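What follows is calculated from the coordinates using simple rules that are stated; it is not laboratory data. What you are looking at is a predicted structure, and each value in this text was computed from that prediction instead of being measured. All Cβ positions, even for glycine, are placed from backbone atoms using ideal geometry, and neighbour counts span all protein chains on display.
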Amino acid sequence: MSEIETLKAEIRVLSSQATQAKMDLHDLSEELPIGWERIPEVAAHCHQLYAKLAEARRRLAQVPA
């Protein structure tokens, strides 16, 4: 598998995980005030996944065509 294909596969996985984390954060917000204690944990997880996704997209953009 080429570097581009590997990065695209990584981006697909990260995108799926980030979307799920976004939905988890959204669901948590709809249930407030129940579960308010989990806000930092869920938000940090979501932030981490979107940061990884942005980094993978940046790496893909830098791969020579």
Just how many % of Cα pairs in the chain lie over 18 Å apart, if you round to the nearest whole percent? 45 percent
Compute the length gained on full extension between S29 and A54: take 0.36 nm times their separation in residues and subtract their Cα-Cα distance, giving the result in nm to one decimal. 6.6 nm
With Cα atoms, 0 to 90° folded angle of helix 3-31 axis to the chain main axis: 10 degrees
With a point put 7 Å past each Cα toward its Cβ, work out how far K22 is from E3 in nm, to one decimal. 2.9 nm
Around Y50, what is the net charge, scoring Lys/Arg as +1 and Asp/Glu as -1 over all other residues with Cβ under 11 Å from its Cβ? +2
